[in-house]
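**Q** Just passing along the structure, written as structure tokens.
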Amino acid sequence: MASQRTFVAIGLDEKLREALGRLQGLLRHKVASDCVRWVRPEGIHLTLKFLGDTSPEQVEQVKDALVRAAAAARPFEFTVGGVGCFPNTRRPRVVWVGVHEPAGALKRLRDLVEEQVSPLGFPTESRPFSPHLTLGRVHRRALSSEVRDLGEVIAASAVGNIYEMHVGEVCYIKSDLRPGGAVYTTLSCAELGG
């Protein structure tokens, strides 16, 4: 069996996906139509760790590691709100909505996942953890004026909290890149707190 492209994430509930779709719709009407490739709401996840190419042996090891990481964490809630761009609104490449969990449970879960999977050959992420949900990516062919306008729209958008979600599990997901966009398959999920 060939290697698979995988990542560890928190799946979103249906009501949050609907709220994200509505937010994308509001933003979509304010920017040039071809400027952003919007992510389908059913394809949005809260990624904790991108693993990339994963061998069949590693897939099984990651499933076990995820159970250990999840057992050491407790269920929690996070809120979603506020929009922004990576790297910034002057040079937007990715449009996102923020994820807020001030008690530190989300970061702790991410750290537990890193701790368990890094010995399996997946280096620890060097960038600070910046929890977000990707709403869209700027097209390479977008005109510089469209990109500038997008940044201004995002900077001027005041988006309060749109949803609060309970987190009770963490999932291991396979991503198949297809011409019509990525297709995601959940390989396993592990319940928080064992």
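The numbers here are math on the coordinates, done by the rules we state, and not lab data. Only a predicted model underlies this, so the values are computations on that prediction, with no experimental measurement involved. Glycine also receives a Cβ, built like all others from the backbone with ideal geometry; neighbour counts cover every protein chain displayed.
**Q** Could you give the nm distance between label points at Glu60 and Leu26, where each point is 7 Å from its Cα heading toward the beta carbon?
**A** Here the modelled spin labels are 4.8 nm apart.
**Q** Can I ask one more? Which ³J(HN,Hα) values in Hz, rounded to whole numbers, follow from the phi angles of the range 134-148 under the Karplus curve 6.51 cos²θ - 1.76 cosθ + 1.60, where θ = phi - 60° and Gly and Pro get x?
**A** 6, 8, x, 10, 5, 5, 4, 7, 5, 5, 4, 5, 5, 5, 4
**Q** For the chain, how many pairs of lysine residues have a Cα-Cα distance under 28 Å, where the two are 8 or more positions apart or belong to different chains?
**A** Taking the chain as the scope, the lysine pair count is 11.
**Q** For Gly11, which sequence-distant residues (separation of 5 or more, or a different chain) have an amide H within less than 5 Å of its own amide H, given hydrogens modelled in the peptide plane?
**A** Cys171
**Q** What are the ³J(HN,Hα) values, in whole Hz, obtained from phi via the Karplus relation 6.51 cos²θ - 1.76 cosθ + 1.60 with θ = phi - 60°, for each residue of the range 179-193 in sequence order, with x given for Gly and Pro?
**A** Here the 3J(HN,Hα) series is x, x, x, 5, 10, 9, 10, 6, 8, 6, 9, 10, 6, 5, x Hz.
**Q** Cα axis of helix 56-71 to longest principal axis of the chain: angle in degrees, 0 to 90, nearest 10?
**A** Orientation of helix 56-71: about 90 degrees from the principal axis.
**Q** How big is the charge dipole of the range 49-190 about its Cα centre, in debye rounded to the nearest 20, if each Lys and Arg gets +1 on its Cβ and each Asp and Glu gets -1 on its Cβ? Working shown, then result.
**A** Values: 17 positive and 16 negative charges, 103 e Å.
For the range 49-190, the charge dipole is close to 500 debye.
**Q** Which residues make up the longest stretch of the chain clear of trypsin sites (Lys or Arg not before Pro) that lie in a DSSP loop with no more than 16 other Cβ atoms within 10 Å, not counting the sites? Kindly include the intermediate steps, with their values, before the conclusion.
**A** Values: sites that count: Lys30, Arg90, Arg93, Arg140, Arg141.
For trypsin sites (Lys or Arg not before Pro) (loop position, at most 16 other Cβ atoms within 10 Å), the longest site-free span of the chain is 31-89.
**Q** State, to one decimal in nm², a quarter of the convex hull surface area for the C-alpha atoms of the range 19-140, i.e. the direction-averaged projected area. Don't jump to the answer; show the numbers that get you there.
**A** Working: hull surface 36.1 nm².
So the mean shadow area of the Cα hull is 9.0 nm².
**Q** When the chain is treated as a GNM, springs tying every alpha-carbon pair under 10 Å, which of Gly21, Gly52, Gly104 comes out with the largest mean-square fluctuation?
**A** Looking only at Gly21, Gly52, Gly104, the largest GNM fluctuation is found for Gly104.
**Q** If you don't mind, there's one more thing I want to ask. With θ taken as phi - 60° and the coefficients 6.51, -1.76 and 1.60, list the Karplus ³J(HN,Hα) couplings across the range 98-103 in order, rounded to whole Hz; mark glycine and proline as x.
**A** x, 10, 10, 8, x, 6
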